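Remarks on the structure that follows.
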Amino acid sequence: MWLGDGRLGARVAKGAALAGSLALAAACSTGPGQGGGAEPDAAKAREALKAVTAAPAASTSAGAVDFRQAEPGSGRGLKLGYISLGENVPFGKLVSDGVRKQAAAAGAQLVFCDSKGDAATALDCVRNFKTQGVQGYLNFQPDSKAAASICQAGPQVPVIGIDIHQPPCERAFMGADNAHAGYLAGKALGRYFKQVFDCEYDAFVSMEQPEAGEVNQARMGGQRKGFTEECGQIKNLKQVNAFRIDNARTTFTDVLTSLPGAKRIVVAAINDDAILGALAAARTAGRQNDLYMAGQGADPSAHCEISKNTHWVADTAYFPERYGEIGVPYLIDLIKGKDVPKQLFVKHAIINSSNIGSFYKPSGC
């Protein structure tokens, strides 16, 4: 899952190409049984993986709403706008496809605009919305600092921000409950370590995106909180800036060099790209068995690896393919003058190799 910092467009092509090559390498590997540290007791590990997918206390956060299909004909005669995060970003493309599907189901006209991760392009999008007479729009542009100017330039209509807040015109926010999503992954990872290793580990690596500001603090702080509840105060914490596959691979190579004798490295990441990059670095060093990981997003780029890698202990699913089932119906409600909750959070779930088949059917693995 991409977390925007306003510089997406310059990175998409390079990141997509590298992601493809790394995904191919991962698909050709034989999984976590190659090299690295000693494997935990297999039966105990299997049971622990099943146990961590059970919902912890308060697994559904305040503000979480159900997915709902747009009511047929509910949008007839309405013109909706949608600003995409970037169609070259897998997570963003999944969101876009879902929005298109729900708008069509509602019978609404959809004016689509791809921001390409660029605030200036998003500004052009809302100017076009104004010209087109859009009656409400969903905004998934990634630069929160540009939100005010974008709001001012666009039509003065209901706006729902997606995953990145869009003040001051945002009437509702939909997407991830970042602190809670992080907490779920950290709690699951801590439970696994408590059950399998009695909370013994060598280092805790937090792979972050400081540029994302509050999102980074909430998500990664949530992961550490969840882990701490199970295993106590975190020891040997290493916080690194690594949220894309390419920079995560480089950064994690340095992390491994700094931990030459470590056999149990906890890896908590802000997204799945960071985990994939860390795994690529570990495989190159023959140390993939030293990593025990928790990620965020569970989008298709990670499905194959999650399904076959028992060291990928937990991943918080965000279900981007279903975002349209929240955004479109609630936007139509706003346009029609109905009251809508300020927070429209996704109901997250913990996924790993023991239960991914209940949510997704990984292909090409």
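For this structure, a couple of remarks:
- Filtered residues of the range 88-119 (kept if over 18 Å from residue 78 (Cα atoms) and over 24 Å from the mean Cα position of the chain (by Cα)): none
- Residue match in the range 203-211 (condition: in contact with a Lys or Arg (Cβ under 6 Å, 6 or more places away or on another chain), buried (at least 20 other Cβ atoms within 10 Å of the Cβ) and part of a loop (DSSP other than H, G, I, E, B)): no
- Flag for residue 115 being among the small types (Gly, Ala, Ser) and in contact with a Gly (Cβ under 7 Å, 6 or more places away or on another chain): yes
- Residues of the range 289-303 classified as of a type outside the set (Ser, Thr, Tyr) and open to solvent by 10 Å² or more (accessible area, probe 1.4 Å), total: 2
- Residue 258 vs. criteria within 20 Å of residue 183 (Cα to Cα) and of a type in the set (Ser, Thr, Tyr): no
- Scanning the range 89-108 for residues that are surrounded by 21 or more Cβ atoms within 10 Å (Cβ to Cβ) and in a loop (DSSP other than H, G, I, E, B) yields 89, 108.
- Verdict on residue 255 being surrounded by fewer than 24 Cβ atoms within 10 Å (Cβ to Cβ), assigned to a helix (DSSP H, G or I), of a type in the set (A, V, I, L, M, F, W, C) and touching a residue at least 12 places away in the same chain (Cβ under 8 Å): yes
- Of all residues making up the range 141-177, the number that are part of a helix (DSSP H, G or I) and open to solvent by less than 10 Å² (accessible area, probe 1.4 Å): 3
- Qualifying positions in the range 262-287 - of a type outside the set (D, E, K, R) and open to solvent by 10 Å² or more (accessible area, probe 1.4 Å): 276, 280, 284, 285, 286
- All told, residue 122 meets the bar of being part of a helix (DSSP H, G or I), without any contact (Cβ under 8 Å) to a residue 40 or more places away in the chain, buried (at least 24 other Cβ atoms within 10 Å of the Cβ) and more than 17 Å from the chain's Cα centre (by Cα).
- Residue in the range 275-301 that is modelled with the lowest pLDDT, counting only those that are part of a helix (DSSP H, G or I) and polar (S, T, N, Q): 301
- Residues of the range 198-247 satisfying the condition of being more than 15 Å from residue 271 (Cα to Cα) and of a type in the set (Gly, Ala, Ser): 203, 226, 232
- Taking the range 345-365 as the range and being over 16 Å from the mean Cα position of the chain (by Cα) and either farther than 20 Å from residue 50 by Cα or free of Cβ contacts under 8 Å to residues at least 24 places away in the same chain (or both) as the test, the residues that pass are 358, 361, 363, 364, 365.
- Any hit, the range 304-314, residues being aliphatic (A, V, I, L, M), under 30 Å from residue 159 (Cβ atoms) and crowded, with 22+ Cβ neighbours inside 10 Å: no
- Residue within the range 214-230 that is outside any helix (DSSP H, G or I) and either out of contact with any His (no Cβ under 7 Å at 6 or more places or on another chain) or among the polar types (S, T, N, Q) (or both) present: no
- Screening 196, 111 for residues that are in a helix (DSSP H, G or I) and either touching a residue at least 24 places away in the same chain (Cβ under 8 Å) or touching a helix residue (DSSP H, G or I) at 6+ places or on another chain (Cβ under 6 Å) (or both) leaves exactly one candidate, 196.
- One residue stands out in the range 214-243 among those that are surrounded by 14 or more Cβ atoms within 10 Å (Cβ to Cβ) and small (Gly, Ala, Ser): the one that is farthest from residue 260 (Cα to Cα), namely 218.
- Against the conditions (1) in a helix (DSSP H, G or I); (2) out of contact with any Lys or Arg (no Cβ under 7 Å at 6 or more places or on another chain); (3) among the charged types (D, E, K, R); (4) touching a residue at least 40 places away in the same chain (Cβ under 8 Å), residue 263 satisfies every one except (1).
- Taking the range 215-252 as the range and being free of Cβ contacts under 8 Å to residues at least 24 places away in the same chain and under 22 Å from residue 163 (Cα atoms) as the test, only 217 passes.
The values are calculated or read from the model by the stated rules, or taken from the named source; none is laboratory data. Treat the numbers as computed from the prediction; the structure is a model and nothing was measured. We place every Cβ from the backbone using ideal geometry, glycine too, and count neighbours over all the protein chains shown. Protein only, heavy atoms only, side chains kept; ligands, DNA and RNA dropped before computing areas. Shrake-Rupley method; radii C 1.70, N 1.55, O 1.52, S 1.80 Å.
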